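Notes follow the structure.
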Amino acid sequence: MRENEKLTSNVDWLLLIAYFVILTMGVMTVYSTGYDKETSSFFNFTGLYGKQVMWICISLFLGLLVFLIDSEIYRKFSIPIYIFTLLLLIVVLFTPPINGARAWLGIGPFGIQPAEFAKIGTAILLASYVDKINIRQQTMTNVLICLAIIAIPMMFIILQPDAGTFVVFTAFFFVLYREGVTFDPLVLTFINMFPGMKFKKTWIGTHFIPLLFVLVFISVFTLFMSKTTFDIASLGFYEIPSVVVIIFSYFIIALLFYLIGRNFVDSRSRKKFVIVILLTFSLFSLLSASISTVFNSLQKHQKNRIELLLDLNEEDQRDGEDYNRNRAMTAVGSGGLLGKGYNKATLSSVKSKHVPESETDFIFCPFAEEWGFVGTAVLMGLYLFFLLRIINIAERQRSTYNRVYAYSVGMILFYHFAINIGMNIGLVPIIGIPLPFFSYGGSSMMSFSVMFFILLKLDSQRRDTLF
Amino acid sequence: MNLNSRKYVIIIFISIIGIVYTFRLFHMQVIDDQWKLRAQEIAEKRKYIVPPRAAMFDRNNKKVVSNKAYYNLMFVENDIKDLDTVAFAKLVGMTVDEVKKRFIDIREKEGYFKRKDGKRIPNYQPVRPYAFLKELTADEIAKIAPNLDKFPGFYEQVTSMRDYPYAGGANILGYLSEVNQNEIDEDRFYRSGDNIGKAGVEKFYEKELRGRKGVKYIVTSALNNVIESYANGKYDTLAVQADPLTLGMDITLQVYGEQLMQNKMGCIVAIEPSTGEILAMVSSPSYDPNLFVGRSNISKNYPILVNDPKKPLFPRPLQAEYPPGSIFKLTQALIGLQEGVITPNTSFPCNKSLVGCHNHPDARNVSQAVQMSCNPYFYGVTRKIIQQGKSRNNFIDAEIGLGIWAKYLHSFGLGIQLDADISGLRSGLIPDPNYYNNLFPSKKRPYGKHRWAFSTIRSNSIGQGEVKLTPLQMANLAVIMANRGWYITPHIVKSVGENGPLPQFKVKHKTMVDAENFAPVIEGMRMAVNEGGGTARLARIDGITVCGKTGTAQNPHGKDHSVFIAFAPMDNPKIAIAVFVENSGFGGTWAAPIASLMMEKFITGKISDPSKEKYILDAILE
């Protein structure tokens, strides 16, 4: 065995370089948000910048440890690791709340967020379980166990409550989709309850996850753009909840489907066809309604959090309920093509306080403000490359275990990327989750890095796997 | 079922999100300008810097009005930590309850009114600074400031306010006070909290005194704290203090005049005849201008002064309208001479059956008539002016005559509002034909058109009846006498910066009486002061030829008012003066010596007869 050579020879250098580039841009932005002409220097490690440098050092050390350990250990100990992270999630519920959530474990500035580490535990257990399933003869039990592995940590997380991480856990459904864990048994059971229904397979069940994603995306987007109600000012009397408008448009679409579709369906299946359309319509409507309710309550929670932090002045009151969103968009938009220059953010620097949380959830703001579209385009390119490279790596794995894990990492990072940047540019509701490798924060930095280095290690050892 | 192809679904998802986001960023950052404008609105603010108000100097370059530093004790509630109220109350000299009440008052006072419905929105914000104590003097803050480090959240702030080194001239100088909403709406120069001149020179010369505000462009935080200057101060402008005003006033004379008028009610107006500059304008009783410095002083002292029965806030020289008494005879003599109804040598017997008079020999000419102030003489003169025989109808004749008479008097600046540089001037009253045509003193005896003639209005001939003048107009009459027929509108400010007076104060107003007709009247004035039998012997000054005329204005409510107008010296006059002492009796007794002291003080700088000065200073005539 050529141990030393093996450690580094199969590492995906491109991915590692991209990781370091994003890391550097992130820590530079953290430095810039807290920038102060008098006191700041790259070697002044007091303040958030210094702490972030420390978190990065710890993360890299953990990454190195992960790299030195044989990756087989995670598969062997997948259940203990999963249970350990679950225990952390339970323990954290008994701590005193900080900012209205019981998310922090530990003392003072060195607390960790168990929810961040639960992602790793879930990914590992899911990978090892899916690896064991015979995908061609999967049973209802298989599907339910997969769902349980994901749903149990989600349950504890929403109890904290941490809506952001809760949403991120749905990334695992995409992994299941890729692996072919089908929701057909569930959907079939549901549909076949109705008289005259005898389906063996449904299109909805097979592509349930991407459909769900599209549905969620459409619902959230329309809801968000219309701010919970459509104000029909010209009529003057009614404010129609936007969910009603969405359900109404589903109805129109369903009607169109029926009118066009019935010409292609033979008369014997006509009844079935109508029922499928009706079921799909009610399912979609139900989902949209619940999503709208969930997001409305989420946004209110965010609003209160901000009102606690700031005494709004007259100018701020104009931004009103959408204070965060408007301030963030203003900061991003004011960057222009070339930006205001490094360390020159006026809206999103920490001391200006216009953009709240500008070093964590809204760190994209100072970056966009200082580097302009040139900077943001480069960062978008980097993240896209990073994510697609992970998908690429996932697909080249020989073992299902490795592939499931790689997809889990890829999809979780994708969710963080899409939600975080989306809320910075006003396309996604404000649910506070960090930008991976970029935002200030110890837990997220460590958990993402460990997750990433496990992936790197698995990839470098992919040839050891025997068929 | 080919699971491998499902990777494309995921790749497409990721790519679509990436592309949509990139386009969105391109639109927000490059194409759409609204975010850049919004960013400016939010973070870039203009801060106005108010320059110190221009100073004022008197004619001898003595500083009359300047600025002095005052201090506000500010606090920011959120910065206050563990306030030891007992120690703090002791430091600021209040009780604990007062301190608490003060905090509550500040909190309740802060707010603004909605434009739409006028609803009051409370707007107290614990992150913003407010003044706990306002307008402390250097001495007061010196006791507090060294101990402020024990009270985090409190700090001192300097402001500039008016300072009056001489406690005189309050009614000329005026005072400053905070702008009200109307003034802000009228002139966009002002913002809430700015000061504006509310009276006197401060009000009239507001634009000349206020200077130019500086603008500082700053970047502010969400809490309105200044973070840095915008673009390194490239667009900032400096506050520019306006050039000082030079007043025509002689502050020494002004203060002296106020001393002389102590314990008397009335006023003194002294004017330099050749320029129309007001040398002194005393209104008694008056007040110390320092009582009106700063909001707390004004709110404390204003109610006291405004409720004082002696009306110290009433600017008598401008607004009190008195019957002029015998000084009015000067105008009658001049008009008579100009109209040719009398000559310098015309004589009228002192016929006391027409109008009462004191005992004196008959006046053989105009000069003697003026010297002795013979009532029947001027009764005759005025009758000749009014009843010139231009119509056979006595009533129509009187109407024509009075029309001519009033026009002459208007040319003396009487009965019209003088265009002086101080607001609130009254015009006095010179009755013209319309006045009597519309006047109904009683139902029994209405005037009405063609129902009055000279005999009805004869009292005016000796300055009683309907005629009323303000003390400023009386002084202006003295100016006209001194100048032999012209005047420049009396004004307070000699020069705005280096630019001289306002243009309207360079114009000579000619009266309708020619210069040669003044000689006999002025001779009479000289004799009244300097010759035996004159009415104004107490106005005599050794070595200076004073010309003057006494007056005694009958006062139906009490003792007569004492009036005197004069100028000196006779040739090339340097000062013209009017003195009015309410309820003090005959003009020669009080007004004349006061005028003489003022003139001597101004011309020679000292007083040759201390007994006269003592006589006036000791007098209590209230």
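What follows is calculated from the coordinates using simple rules that are stated; it is not laboratory data. Not measured: the values here are computed from a predicted model. With ideal geometry, Cβ positions are generated from the backbone for all residues, glycine too; neighbour counts draw on all protein chains shown.
What the table shows:
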{"item": "Virtual spin-label span in nm between B:Lys207 and B:Gln157, 7 Å along Cα→Cβ", "result": "3.1"}
{"item": "Estimated inter-spin distance, B:Arg107 and A:Val11, nm [label 7 Å along Cα→Cβ]", "result": "6.1"}
{"item": "Fraction of antiparallel bridges per DSSP, the protein assembly as shown only, in percent to nearest 5", "result": "95"}
{"item": "Residue-averaged beta-carbon neighbours from other chains (10 angstrom radius) around B:15-24", "result": "6"}
{"item": "Radius 12 Å from Cβ of A:Pro114, net charge of other residues (Lys, Arg +1; Asp, Glu -1)", "result": "0"}
{"item": "Taking all pairs of distinct alpha-carbon atoms in segment B:251-618, Kirkwood radius in angstrom", "result": "20.9"}
{"item": "Ranked B:Asp32, B:Asp82, criterion: other C-beta atoms within 10 Å, fewest first", "result": "B:Asp82, B:Asp32"}
{"item": "Calculated FRET value between B:Lys449 and B:Arg392, using beta carbons and R₀ = 22 Å, to 0.05", "result": "0.80"}
{"item": "Size of segment B:391-466 as Cα extents on the principal axes (Å, biggest first)", "result": "44, 28, 21"}
{"item": "Residue-span extension gain [B:Asp139 to B:Asn434] - 0.36 nm each, minus C-alpha spacing", "result": "100.0 nm"}
{"item": "Within segment B:294-308: backbone nitrogen closer than 17 Å to the B:Glu178 label point (7 Å, Cα to C-beta)", "result": "B:294-303"}
{"item": "Inter-label distance, nm, simple model (7 Å from Cα along the C-beta direction), B:Gln417/B:Asn263", "result": "3.9"}
{"item": "Order by protection proxy (mean Cβ within 10 Å, highest first), peptides B:53-62, B:606-615", "result": "B:53-62, B:606-615"}
{"item": "Computed lengthening from B:Ala515 to B:Asn147, 0.36 nm per intervening residue step minus Cα-Cα distance", "result": "125.2 nm"}
{"item": "Net charge, B:Pro344 excluded, C-beta distance under 12 Å - Lys, Arg +1, Asp, Glu -1", "result": "-1"}
{"item": "Inter-part distance where segment B:1-22 and segment A:337-391 are each reduced to a Cα centre, Å", "result": "25"}
{"item": "Whole-Å distance, taken between Cα centres, linking segment B:325-377 and segment A:395-443", "result": "112"}
{"item": "Expected-Rg normalisation [2.2 N^0.38 Å, Cα atoms] applied to the protein assembly as shown", "result": "1.51"}
{"item": "For B:Leu209, net neighbour charge (Lys/Arg +1, Asp/Glu -1) across residues whose Cβ lies under 10 Å away", "result": "0"}
{"item": "Sorted by Cβ neighbour density within 10 Å, fewest at the top, the residues B:Asp571, A:Asp162", "result": "B:Asp571, A:Asp162"}
{"item": "Average beta carbon contacts from partner chains per residue of A:386-398, 10 Å cutoff", "result": "2"}
{"item": "Student exercise, segment B:1-115 dipole from Lys, Arg, Asp, Glu Cβ charges, in Debye to nearest 20", "result": "460"}
{"item": "Cα Rg over Rh - chain B, Kirkwood", "result": "1.18"}
{"item": "Rounded to 5, percent antiparallel among DSSP beta bridges of segment B:251-618", "result": "95"}
{"item": "Calculated over segment B:443-531: convex hull of Cα atoms, volume per residue (Å³)", "result": "192"}
{"item": "Alpha-carbon centroids, segment B:418-437 and segment B:456-496: separation in whole Å", "result": "11"}
{"item": "Using a Förster distance of 41 Å, the FRET efficiency for B:Val86-B:Lys310 (Cβ separation, nearest 0.05)", "result": "0.40"}
{"item": "Modelled label reach - B:Glu44, point 7 Å along Cα→Cβ, segment B:199-222 residues with backbone N closer than 12 Å", "result": "B:217-220"}
{"item": "Efficiency of FRET between A:Asp266 and A:Ala148 - r from beta-carbon atoms, R0 60 angstrom, step 0.05", "result": "0.90"}
{"item": "Added length on full extension, which subtracts the Cα-Cα distance from 0.36 nm per residue, B:Ile19 to B:Asn301", "result": "94.3 nm"}
